[in-house]
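The values are calculated or read from the model by the stated rules, or taken from the named source; none is laboratory data. As the structure is a prediction and not an experimental result, all values here were calculated from the model. Don't worry about glycine lacking a Cβ; one is built from the backbone with ideal geometry, like all the others, and counts go over all protein chains shown.
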Amino acid sequence: MPISYYLALSAVLFGLGVIGFVFKRNIITIFMSIELMLNAVNLAFIAFARALGQLQGQVFVFFVIVVAAAEAAVGLAIVIVIARNRQSLNVERINLLKL
Amino acid sequence: MTPQLVIFLILAAITVAGAVSVILQREPIHSAISLITVMIALAGLFLLLESEFIAAVQIIVYAGAIMVLFVFVIMLLNAGAEERTNMSSMARYVGVPLAIFLLIELAYQVGAATSSMTAQPVAEGATRALSMLLFQDFVFPFELTSILILIAILGALVLAQRSEGAPAQRAQQ
């Protein structure tokens with residue numbers, strides 16, 4: 001079966017992640033949209049690795065997963081601090097740096 | 001239709017439905033559970049692409065560890081339903097159709113540009129070859145990621161630790 005099916009699915013997932021990132025108002029859900037985009041990229045990497053018959057793509061996915069884990073840990077710690085200081089998870093209330 | 005195509009279509013449908021559900025749910029916990037569904041279906045797709053190791057890592061690290069962290073934080077902060085903010089009419093009538101158009105265009109163009117690519121046969125023992133690659137060619141980045149994770153652990157601890165005097169302030173209020 002053609003690899004382009006996987007890549008089209010990956011593009012759809014990435015687009016849905018972007019839409020979630022732009023439209024959602026809850027900071028945790030925005031984080032989940034970022035994870036969705038990372039997953040879409042992983043799928044594209046694996047599909048290309050399969051199409052080119054090389055394993056480097058899989059190694060890169062491994063590193064992406066590691067970085068996603070580190071990012072989730074630090075990001076969620078920031079979310080906890082924001083929730084503690086502002087008593088809200090709505091990104092429209094987090095506007096301290098806004099002009 | 002080959003069996004692979006049928007399995008692909010089922011998994012792709014689950015993945016897209018889960019991703020749409022992540023966006024449409026108002027409760028963060030429902031979004032998180034939808035995202036776990038997406039990740040498990042993606043692990044199935046990785047298996048279909050014959051990358052068993054990454055499929056296992058996907059389930060263990062993503063669905064097992066990262067999403068548990070998300071669910072834990074949602075429960076810890078007692079995050080309720082998302083507040084409805086009145087979306088501007090510009091966003092509703094121009095933004096949403098344009099976003100859907102972007103999705104279709106992106107999927108079509110990526111699919112069309114790579115339609116000539118076909119899957120190469122996978123050699124026997126691909127996981128063994130992957131481990132060789134990881135611990136020989138990429139051993140320096142691999143060790144660097146361990147330092148990255150150490151820094152992330154320390155950063156998360158420092159950020160989330162309750163600052164001095166904060167409980168007293170709350171008691172006074």
Within segment B:72-102, the residues that are assigned to a loop (DSSP other than H, G, I, E, B) and modelled with pLDDT of 75 or more are B:Asn78, B:Ala79, B:Gly80, B:Ala81
Kindly list the number of the only condition in (1) without any contact (Cβ under 8 Å) to a residue 24 or more places away in the chain; (2) not in a helix (DSSP H, G or I) that fails for B:Val16.
(2)
If you take the residues in segment B:114-164 that are in a helix (DSSP H, G or I), over 19 Å from A:Ala51 (Cα atoms) and hydroxyl-bearing (Ser, Thr, Tyr), which one is modelled with the lowest pLDDT?
B:Ser131
The residue that is nearest to B:Arg26 (Cα to Cα), considering only those in segment B:56-85 that are small (Gly, Ala, Ser) and within 13 Å of the chain's Cα centre (by Cα), is B:Ala63
Selection from segment B:35-56 of residues that are crowded, with 19+ Cβ neighbours inside 10 Å and not in a helix (DSSP H, G or I):
B:Leu49, B:Ser51
From the list A:Leu89, A:Leu76, which residue is over 30 Å from B:Ala56 (Cβ atoms) and either crowded, with 20+ Cβ neighbours inside 10 Å or modelled with pLDDT of 90 or more (or both)?
A:Leu89
Cβ pairs under 8 Å, 6+ apart, first in segment B:30-59 and farther than 26 Å from B:Glu82 by Cα, second outside any helix (DSSP H, G or I):
B:Leu49/B:Ala119; B:Glu50/B:Val122
Could you please find all residues in segment B:23-62 being of a type in the set (S, T, N, Q) and either at the interface with chain A (Cβ under 9 Å from one of its Cβ atoms) or under 15 Å from A:Ala68 (Cβ atoms) (or both)?
B:Gln25, B:Ser31, B:Ser34, B:Ser51, B:Gln58
Can you spot a residue in segment A:10-32 that is under 19 Å from B:Ser115 (Cβ atoms), within 7 Å of chain B (Cβ to nearest Cβ) and in contact (Cβ under 8 Å) with a residue 40 or more places away in the chain?
no
Matching residues in segment A:10-37 - criterion: being crowded, with 22+ Cβ neighbours inside 10 Å, closer than 23 Å to B:Pro97 by Cβ and among the charged types (D, E, K, R)
A:Lys24
Search segment A:45-72 for residues that are at the interface with another protein chain (Cβ under 7 Å from one of its Cβ atoms) and surrounded by fewer than 21 Cβ atoms within 10 Å (Cβ to Cβ) and pair each with any residue that is of a type in the set (Gly, Ala, Ser) and part of a helix (DSSP H, G or I) when their beta-carbon atoms are under 6 Å apart and the residues are at least 6 apart or on different chains.
A:Ala70/B:Ala152
By residue number, the members of segment B:63-82 that are touching a residue at least 40 places away in the same chain (Cβ under 8 Å) and either touching a helix residue (DSSP H, G or I) at 6+ places or on another chain (Cβ under 7 Å) or facing chain A (nearest Cβ under 7 Å) (or both) are B:Val71, B:Ile74, B:Ala79, B:Glu82
